[in-house]
Amino acid sequence: MRKLRVKSSAGGYDVIVGRGAWQALRRMKAYSSTFVLTEPGLWDRWGARFSRAGVLIGTRPVLVPAGEGSKSLVWAGKVASELLERGADRRSLLIAFGGGVVGDLGGFVASTYMRGIDYVQAPTTILAQVDSSMGGKTAVNIGAMKNLVGTICAPRMVVSDPRVLASMTPRAFRSGLYEVVKHGILSGPGLFGWLEKIVPGLRATNAALLERLVLRAARVKVDVVSRDEREAALRHVLNLGHTFGHAIEEATGYRRFLHGEAVAWGLLLVTRLAELAGVLDPATGKRISRLVRAVGPVPGLAGVRAERVLELLTRDKKAIGGKVLWILPERIGKVRVTSDVPAEAVARAFQEVQSGEWNG
């Protein structure tokens, strides 16, 4: 196991990565009661092992349905009501045991229940282990707008055991790897080059290799959020691929793409956009495209209305006065944050990638 330390206005917290990480929950003893928020299938598969590791024997979980539909104010209210009925008070602890949906919902509920209780992230997907569980962002969706209502509230701890990734479906596993590719672009040649070597043959059952991957990718997120907890400037870089990605998710009603799959298209689109804007050379663009595609297949963009995607871009949470804040790769290890991108270039990038005219 390895430990990373996130600096936070709340005093900082540890990210424990590795086989056996769940045992770190045994430290969390100074609470009147402990509750676990999770999904039924995940708890059936891993609940007993998780409880033994964290000495949570006898804990009855708070269950929410799997899927993006649980990230809502309705479900936040249901979870808060169940916590109240079961005696949760201001000295209670909530453990979010699940992927990004459970983590976001659990963090949001914890940050607002009785004006805030402590919580721990125990991520169970690769996307959550390398990205969403760290940084303290919590949120629920409102209608078609992803993460519209949320808070920034640091967890007390993050515990990431790569063994749980073995139960992921191949599609969900690939979805998380696209976020790892994003971290590789941000980090630099070391991580990116390593990913080029290992990604084609990577499997969810290779816990030893995944432990290294999660640690290296998580370190990128930890470094950024430690320096910019509240997304004042630097943290914007973590949205690489997400501006297009979120718009594609919304344009398709969150039904066609998993989050990481939408980010995959977002990475390809913003890579082509960077080429068109003259800030990225085609050879590097080809490397990025090749690594994204090496992860595996994603549902196609056929039938996605370009007009709808372009309209949704201006509603992105980072847009100011209708101007989109773009994160453009300049080279491996360096991105440019700018709103000075012609709308014509944005439309052209989408058309070329959607049609297959540009493949990197």
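Computed from the coordinates by the stated procedures, all read-outs in this text should not be read as laboratory data. If you're wondering where the values come from, they're calculated on a predicted model, not measured in any experiment. Virtual Cβ from ideal backbone geometry, glycine too; neighbours counted across all protein chains shown.
Here are the numbers for this structure:
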quantity: Integer Hz, Karplus 6.51/-1.76/1.60 couplings in order for the range 54-71, x for Gly and Pro; calculated: x, 6, 10, 4, x, 5, 9, x, 8, 9, 10, x, 5, x, 4, x, 6, 7
quantity: Rounded to the nearest 20 debye, dipole of the range 228-360 from Cβ charges on Lys, Arg, Asp, Glu; calculated: 220 debye
quantity: Choice from Asp228, Asp340, Asp104 showing the highest fluctuation, given a GNM over the chain with Cα pairs closer than 10 Å; calculated: Asp340
quantity: Distant-in-sequence amide H partners of Arg315 (H built 1.01 Å from N, under 5 Å); calculated: none
quantity: Cα gyration tensor shape for the range 89-201, rounded if a/c is under 1.5, else prolate or oblate; calculated: prolate
quantity: Amide proton proximity set for Ile95, modelled H, under 5 Å, gap of 5+; calculated: Phe35, Val36, Leu37, Val120
quantity: Among the listed pairs Lys3/Lys334; Lys71/Lys334; Lys71/Lys182; Lys3/Lys29; Lys7/Lys182, those beyond 28 Å (Cα-Cα); calculated: Lys71/Lys334
quantity: Environment charge at Leu268 (Cβ cut-off 13 Å; Lys +1, Arg +1, Asp -1, Glu -1); calculated: +2
quantity: 5 angstrom amide H check on Gly241, placed H, neighbours 5+ away; calculated: Ile327
quantity: Convex hull (Cα only) mean projected area of the chain, reported in nm² to one decimal; calculated: 16.2 nm²
quantity: Cα long-axis angle, helix 242-251 against the chain (0 to 90 degrees, to the nearest 10); calculated: 80 degrees
quantity: Total charge dipole magnitude, the chain, about the Cα centre, Cβ charges on Lys, Arg, Asp, Glu only, Debye to nearest 20; calculated: 1120 debye
quantity: Normalised contact order of the range 2-167, rounded percent, pairs of Cα under 8 Å and 6 or more residues apart; calculated: 26 percent
quantity: The range 41-87: C-alpha pair distances exceeding 15 Å, %; calculated: 55 percent
quantity: Assigned charges on the beta-carbon of Lys, Arg, Asp, Glu; the range 11-79 dipole about Cα centre (debye); calculated: 280 debye
quantity: Ellipticity estimate at 222 nm from DSSP helix runs (n ≥ 4, -39,500 (n - 2.57)) divided over the chain, nearest 500; calculated: -13500 deg cm²/dmol
quantity: Total formal charge among the other residues, if their Cβ is under 14 angstrom from that of Arg5, Lys/Arg +1 and Asp/Glu -1; calculated: +4
quantity: Qualifying GluC sites (Glu not before Pro) in the range 322-360, DSSP loop, other Cβ atoms within 10 Å at most 11; calculated: Glu357
quantity: From phi via Karplus (6.51, -1.76, 1.60), per-residue ³J(HN,Hα) for the range 347-360 in Hz, x at Gly/Pro; calculated: 5, 5, 4, 5, 4, 5, 6, 4, 7, x, 4, 10, 10, x
quantity: Most fluctuating residue given options Val181, Val158, Val74, as computed from a GNM of the chain linking Cα atoms under 10 Å; calculated: Val74
quantity: Whether the range 1-153 is rounded, prolate or oblate, judged on the alpha carbon gyration tensor where a/c under 1.5 counts as rounded; calculated: rounded
quantity: For the range 219-226, 3J(HN,Hα) per residue [Karplus equation, 6.51 cos²θ - 1.76 cosθ + 1.60, θ = phi - 60°, Hz, x = Gly/Pro]; calculated: 4, 5, 5, 4, 4, 5, 6, 5
quantity: Centre separation in Å (Cα based) which lies between the range 218-271 and the range 7-44; calculated: 25 Å
quantity: Of the chymotrypsin sites (Phe, Trp or Tyr not before Pro) in the range 302-360, those whose Cβ has at most 12 other Cβ within 10 Å and which sit in DSSP loop; calculated: none
